[in-house]
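In what follows, a structure is listed as structure tokens, so that the remarks can point back to it.
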Amino acid sequence: NFEKVLEINPDFIKAWHKLGLIYFARKKFEKAIGCLRKVLEKEPENISCLENIGDCHVAMGNDQKAQAFYKGVLQRNPENISVLFKLAEIFKKEQDFPRAMDVYNKILHYSSNEFKALQYLGDIKFFQLNFNDALNLYTKAREIAPNEAILLKCIAECYLKMGNPEKAINSFKHYLDSNSRDYPCWNQFGLLYLDMEEYRNALNAFEKDRVV
């Protein structure tokens, strides 16, 4: 019991950190922050602790405060990929796409195989209706991570928006091979066949939407 340990030795920094993580797991974020601040009083350069406090603030919906702690981590370790992703996610959630894209590009600069950064850049381009750029980014991501089926769905949706239903169908088929319980996708697949007047294929897709 870390609380009892800290009653005996209140300067036991590792115990404060562990207790903070326990409170975080229990969703007691204010208590978690209190414990983690005890760590920072003794170890102000503790990067892990700074990140953990940022995570608490995100969980409480305090994104601005979280940014300050994540930036504190990056001042000490600019190549911290985990924190860069968290910071980019905040910017993306705020629809501050230029800053989000800047962070994702930094991630790729430090680690060119981070396919999630390419995927999320693609998501931004898709949201901005720039489907050709989105397609290129998703395709690059899939070259790095060919087993990430969600990328096939992203690619299919790009082809759909670009007016290429045949390629969209091909990508949807490969995606559904490994994600047969994605019921909305079966429905989307059926509607696509319906638009192409391929009624038997549409019916088959709608049937799978109901029974898979």
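The values are calculated or read from the model by the stated rules, or taken from the named source; none is laboratory data. Given the structure is predicted, the values throughout are model-derived calculations rather than measurements. Virtual Cβ from ideal backbone geometry, glycine too; neighbours counted across all protein chains shown. The protein model used for the area step is the full one, side chains on, heavy atoms only, and it has no ligands, DNA or RNA in it. Shrake-Rupley method; radii C 1.70, N 1.55, O 1.52, S 1.80 Å.
Would you mind finding the longest exposed-site-free stretch of the chain, with exposed GluC sites (Glu not before Pro) meaning DSSP loop and at most 11 other Cβ atoms within 10 Å?
Longest site-free region, per DSSP loop and neighbour criteria: 46-196.
Determine which aspartates and glutamates satisfy two conditions relative to Lys125: a Cα distance under 17 Å, and not lying fewer than 8 residues away in the same chain.
Glu89, Glu94, Asp96, Asp102, Asp133, Glu157
Please report the carbon-and-sulfur percent of the accessible area for the range 117-212; probe 1.4 Å, protein heavy atoms only, DNA, RNA and ligands left out.
Exposed carbon and sulfur together represent 48 percent of the surface.
Assign unit charges at the C-beta atoms only (+1 for Lys and Arg, -1 for Asp and Glu), then state the dipole size of the chain relative to its Cα centre in Debye, rounded to the nearest 20.
560
Straight distance only, please: which lysines reach the Cα of Lys38 with their own Cα at less than 21 Å, same-chain residues fewer than 8 apart left out?
Lys4, Lys14, Lys18, Lys27, Lys28, Lys65, Lys71
With +1 on the Cβ of every Lys and Arg and -1 on the Cβ of every Asp and Glu, and nothing else charged, how large is the dipole of the range 21-78 about its Cα centre, in debye rounded to the nearest 20?
With Lys and Arg at +1 and Asp and Glu at -1, about 220 debye.
Please state, to two decimals, what the Cα-based radius of gyration of the chain comes to when divided by 2.2 N^0.38 Å (N = residues).
1.35
In whole Hz, with x marking every Gly and Pro, tabulate ³J(HN,Hα) for the range 109-125 from phi via Karplus 6.51 cos²θ - 1.76 cosθ + 1.60, θ = phi - 60°.
After applying 6.51 cos²θ - 1.76 cosθ + 1.60, I find 5, 7, 8, 5, 8, 7, 5, 4, 5, 5, 4, 5, 4, x, 4, 5, 4 Hz.
Once phi is turned into θ = phi - 60°, what whole-Hz ³J(HN,Hα) does the Karplus curve with 6.51, -1.76 and 1.60 give for every residue of the range 201-208, x standing for Gly and Pro?
Couplings: 5, 4, 4, 4, 5, 5, 5, 5 Hz.
Please turn the phi angles of the range 59-72 into ³J(HN,Hα) values with the Karplus equation 6.51 cos²θ - 1.76 cosθ + 1.60 (θ = phi - 60°), one per residue in order, whole Hz, x for glycine and proline.
Using θ = phi - 60°, the values come out as 4, 8, x, 9, 5, 5, 5, 4, 3, 4, 6, 5, 5, x Hz.
For helix 165-178, report the angle its Cα long axis makes with the longest principal axis of the Cα atoms of the chain; keep it between 0 and 90° and round to the nearest 10°.
Tilt relative to the chain: about 50 degrees.
More than 14 angstrom separation, counting every C-alpha pair in the range 123-212; what % is that?
Value for the range 123-212 (Cα pairs over 14 Å): 63 percent.
Under 26 Å Cα-Cα from Lys208, which lysines qualify once same-chain neighbours fewer than 8 residues away are excluded?
Lys153, Lys161, Lys167, Lys173
If I fit a long axis through the Cα atoms of helix 13-25 and take the longest principal axis of the Cα atoms of the chain, what angle between them do I get, 0 to 90°, rounded to 10?
Value to nearest ten degrees: 40.
Within the set of other residues whose C-beta is less than 11 Å from the C-beta of Lys116, count the net charge using Lys and Arg as +1 and Asp and Glu as -1.
-4
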